[in-house]
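First the structure, in the form of structure tokens, and then the observations on it.
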Amino acid sequence: MQLADIDHASSLVALFLQRADERGDKPFLTAKIDGTWTSMSYAEAAEKVCLMAENLRKLGLRDGDRVVIVAENRPEWCIADLAIMAAGCITTPAYTTNTERDHAHILDDSGASAVVLGNAKLAKPLFRAIMKTGRGKKVIAVDPISSAQSGSIELTSWGDVTSGDAVQAREAVESRIAGFKREDMACIIYTSGTSGAPRGVMLHHGAILHNVAAAAHVIEGDFGWEEERFLSFLPLSHAFEHTAGFYLPLGLGADIWFSEGLDKLSSNLEEARPTIMVVVPRLFEVLRTKMMKAIEKQGKLANFLLGRALVLGEKQVKGRTGVMSAIDEALLSATLRPKIKERFGGRVKALVSGGAPLNPEVGGFFQAMGLTMLQGYGQTESAPVIACNYPSAGIKLDTVGPPLRGVEVKIAEDGEILVRGELVMKGYWQRPDDTENTLRDGWLHTGDVGHIDKKGRIKITDRKKDIIVNDKGDNVAPQKLEGMLTLQPEISQAMVSGDKKPYMVALIVPDAEWAVQWSRDNGQQFDMAALQDLPAFRAAIKTAIDRTNEDLSVIEKVRKFVLADEPFTVDNDMMTPTMKIRRMQIRENYQDRLDALY
């Protein structure tokens, strides 16, 4: 493969068709079907992409129309993404965990003309949203969908949109994409804003191609290219997986295998034998815990080696390696490391972590085990990768490494990280004010605070914005959840928490008037402090939270809660004069109790 191909590609579709012609019958998309790993070649994928693109046009779709994808990770997701672009339309990914309301917002806000639907299970909330908004009534169903489910929706089968004259379709696509430019919009990826309403990030072909070329440059320089294989685990609707788990392997001419899910990940790793895997920190935390428990059961020698690995990992994080570290390296290379590598399939050259901050201790553990960790940093607005730790730059796990090739980074006077380059989004869909606030003088204002060390590596120290990033890299807008919780009569105030955690929890201030009435109805003397210890009182609060959860997606649901000692007020410094909660001060008072909920 040639980096120049990516640097000079006019669009993602043009790059794909070039790779398809080069790779031919080589495997491109591999999934387990009826218990057997089955591959689709580059040539076959190209044929399906072109046929689907032309059939989308026959369905009435035109240049610039938005097409939503609601599907699990599978080959058809990738085919649909490329075909939508090849038809001159704009891909709009949506999470499979979205509620009816989430779908309705994306359909309505994007003005979607059509939807690609994965399976019947995903249809119920989506179809209700389509009926509610009147958007996206043209539905292409990958798996069979009962017509009784569809109502007035225009259903088209996957077979119908991928059939026809392949030669004619290819010619039509090539004619159309000849006019594509790198600055043309490729997709709108929705991300949560501080207001709670998801905002559509407009990414152009050049932004994603820039990311792919820069990442490929790292792989070529530090690892060399071979017959690469990626194991896809994160949702393709996530900007990180969309670029690093789909378009990067495409750019490398790699084979993408689709994981069957977390419960089968271990066996999938051994079966797929990937060379590169893109994951979020939470997965590394789970794997580290499992690996440590397995080693601990293997006797004194295994535990001694584990101890040496932990010490080595700690030294590597702090950059304090020496003679003893070299001895530990040799010892582990002869004992534990070969076994650990085999658990990852035996061929992994790099594990790429992104989507959320990686705990340096976790990264250090895997580094000590001989697995190269590349921690990336970015956001949807930068397509998404801005910087990455990689060997030739001197991996330091408490940093996110230097900016990628062609990315300019500077630190504003207030410490905010600013980014400029082709990777930066065109703006937020139909939100000129938000765009103006985020893009100023060509610089993307990330909302993150940090500094650049002497070796040019970025260290993030804080987050200006309030967005919560859970341990899987999903973004959750706290104001949205807090606003919904306080709509319940039982709840006066709320602060949600869940940064780098597996689920959301809440700190709740019960409504005083409701609590007085509850006390009367239940034969209790009103005393807020005393009430908080009553199981029945806590059960009533939980019922209110459960009602809120009915309208929240899986990643937003509040799983546990703790009650506050007193209301948030200006006097106790937990609210600003403009009646906004002070998160830092509240956390200082309640962090231990919130942490105890996990």
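Since every read-out is calculated from the coordinates, none of them should be taken as a lab result. Please read all numbers here as calculations on a predicted model, not as lab measurements. With ideal geometry, Cβ positions are generated from the backbone for all residues, glycine too; neighbour counts draw on all protein chains shown.
Quick look at the values:
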{"read-out": "Per residue Cα convex hull volume in Å³ - calculated over segment 477-595", "value": "108 Å³"}
{"read-out": "Sequence-distant residues sharing a close amide H with residue 228 (under 5 Å, placed H)", "value": "255"}
{"read-out": "Loop-located GluC sites (Glu not before Pro) in segment 362-413 whose Cβ has at most 10 other Cβ within 10 Å (DSSP)", "value": "413"}
{"read-out": "Calculated from backbone phi, Karplus (6.51, -1.76, 1.60) coupling profile of segment 433-443 in Hz, x at Gly/Pro", "value": "5, 5, 4, 5, 6, 8, 9, 10, 6, x, 9"}
{"read-out": "Distant-in-sequence amide H partners of residue 501 (H built 1.01 Å from N, under 5 Å)", "value": "471"}
{"read-out": "Computed label-point distance, nm, for sites residue 300 and residue 413 using a 7 Å Cα→Cβ extension", "value": "6.5 nm"}
{"read-out": "Kirkwood-Stokes translational diffusion coefficient of the chain, alpha-carbon pairs, 4 °C, 1.567 mPa s, µm²/s", "value": "50 µm²/s"}
{"read-out": "Normalised convex hull volume, segment 160-298, alpha-carbon set, Å³ per residue", "value": "202 Å³"}
{"read-out": "Total formal charge among the other residues, if their Cβ is under 10 angstrom from that of residue 187, Lys/Arg +1 and Asp/Glu -1", "value": "0"}
{"read-out": "Quarter of the Cα convex hull surface for segment 3-180, i.e. its orientation-mean projected area (nm²)", "value": "10.6 nm²"}
